[in-house]
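Beneath this line is the structure, given in structure tokens, with notes to follow.
The values are calculated or read from the model by the stated rules, or taken from the named source; none is laboratory data. Being a predicted model, the structure only gives us computed values, none of them experimental. Glycine also receives a Cβ, built like all others from the backbone with ideal geometry; neighbour counts cover every protein chain displayed. In case anyone asks, the SASA skips ligands and DNA or RNA and just uses the protein heavy atoms, side chains included. Shrake-Rupley method; radii C 1.70, N 1.55, O 1.52, S 1.80 Å.
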Amino acid sequence: SKRNFVFSGSVPSIFANLTELVVLDLSQNTYLVSEIPTDIGKLVKLEKLFLQSSGFHGVIPNSLVGLQSLSVLDFSQNNLTGRVPQMLGFSLKNLVSFGVSENRLSGFFPNGICSGRYLINLSLHTNVFNGTIPDSISECLRLEVFEVQNNLFSGDFPVGLWSLPKIKLLRAENN
């Protein structure tokens, strides 16, 4: 039977030994007060990482570039700050869904987020991202959901977004 546990406090650094882990779900832990453990980046077989709606704070660790098998990343509804690591988009070539909405993340649009060509869902809304949305977004040929509303993006909207063949939801208001 499936059991759900609610954690409080901080998440211990125990992940380096769990090398066969495929799914890690620490979501819906509102009593958690923790940074994202850097040793999660050693879980090379991890395919799904769910940390949404918990008490995670601090930055997204650079070590997550090691998650070569990752297809789903959901860090939405936390208190994360700082920038998305520069190489994260380029490293996670199997990403299907990238969700970091409703945090306090800043800096530029995540570089290389479409380099793997599998991305379907990109949700960056309700943060303090700034700068322009790059034309490279038109490389996301499978993109269906693109949510960047409630940020500080500026400049021209990439014209390539309008010609994406599978786009179903596009939100960019309040920038």
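Take PHE157 and ARG83, extend 7 Å from each Cα along the Cα→Cβ direction, and tell me the distance between the two endpoints in nm.
2.7 nm
Quick check: pseudo-label points 7 Å beyond the Cα along Cα→Cβ at SER138 and ARG117, how many nm apart are they?
Modelled inter-label distance: 1.7 nm.
Which whole-number percentage describes the relative contact order of the chain, with Cα contacts under 8 Å and a sequence gap of 6 or more?
Numbers: 483 pairs, mean separation 23.6, N = 175.
Averaging sequence separation for qualifying contacts and normalising by length gives 13 percent for the chain.
Suppose every K and R has +1 on its Cβ and every D and E has -1 on its Cβ; what is the size of the dipole of the chain about the Cα centre, in Debye to the nearest 20?
Details: 13 positive and 13 negative charges, 67 e Å.
So the magnitude is around 320 debye.
Just in segment 10-53: which GluC sites (Glu not before Pro) are loop by DSSP and have at most 16 other Cβ atoms within 10 Å?
On the way: sites: GLU20, GLU35, GLU47; in loops: GLU20, GLU47.
Those that pass, being in a loop and sparsely packed, are GLU20, GLU47.
Step through the residues of segment 75-82 one at a time and calculate ³J(HN,Hα) from phi using the Karplus curve (6.51 cos²θ - 1.76 cosθ + 1.60, θ = phi - 60°), rounding each to whole Hz and writing x for Gly and Pro.
With coefficients 6.51, -1.76 and 1.60, one gets 10, 5, 6, 10, 10, 6, 10, x Hz.
Among 95-106, 145-156, how do they line up from the highest to the lowest mean number of other beta-carbon atoms within 10 Å? Kindly include the intermediate steps, with their values, before the conclusion.
Numbers: 95-106: 20.4, 145-156: 16.8.
Going by the mean number of other Cβ atoms within 10 Å, highest first, we get 95-106, 145-156.
Stretch ARG171-ASN62 to full length: gain in nm at 0.36 nm per residue minus the Cα-Cα span?
On the way: separation 109, 0.36 × 109 = 39.24 nm, distance 2.81 nm.
Fully extending the segment from ARG171 to ASN62 adds 36.4 nm.
Could you give the accessible area per residue of segment 122-175, probe 1.4 Å, as a whole number in Å²? Could you put the intermediate results ahead of the total?
On the way: 2820 Å² over 54 residues.
For segment 122-175, the solvent-accessible area averages 52 Å² per residue.
Pick from THR19, THR126, THR81: which is most flexible by mean-square fluctuation in a GNM of the chain where alpha carbon atoms under 10 Å apart are linked?
Taking springs between Cα atoms under 10 Å, the residue moving most is THR19.
Looking at the chain as a GNM with Cα springs under 10 Å, which of PHE129, PHE109, PHE15 has the largest mean-square fluctuation?
PHE15
How much accessible area per residue does segment 7-84 have, in Å², with a 1.4 Å probe?
On the way: 3720 Å² over 78 residues.
Accessible area per residue, segment 7-84: 48 Å².
Take the cross-link list LYS45/LYS166; LYS93/LYS166; LYS93/LYS168 and give me the ones stretching past 26 Å between alpha-carbons.
Where the Cα-Cα span goes over 26 Å, the pairs concerned are LYS45/LYS166.
With Rg and the Kirkwood Rh both taken from Cα atoms, where does Rg over Rh land for the chain?
Working: Rg = 15.9 Å, Rh = 16.4 Å.
Radius of gyration relative to Kirkwood radius: 0.97.
For segment 63-175, which whole-number percentage of the solvent-accessible area (1.4 Å probe, protein heavy atoms only) is attributable to carbon and sulfur atoms? Display every interim value, and only then the final one.
Details: 2620 of 5080 Å².
After summing per-atom areas, the C and S share lands at 52 percent.
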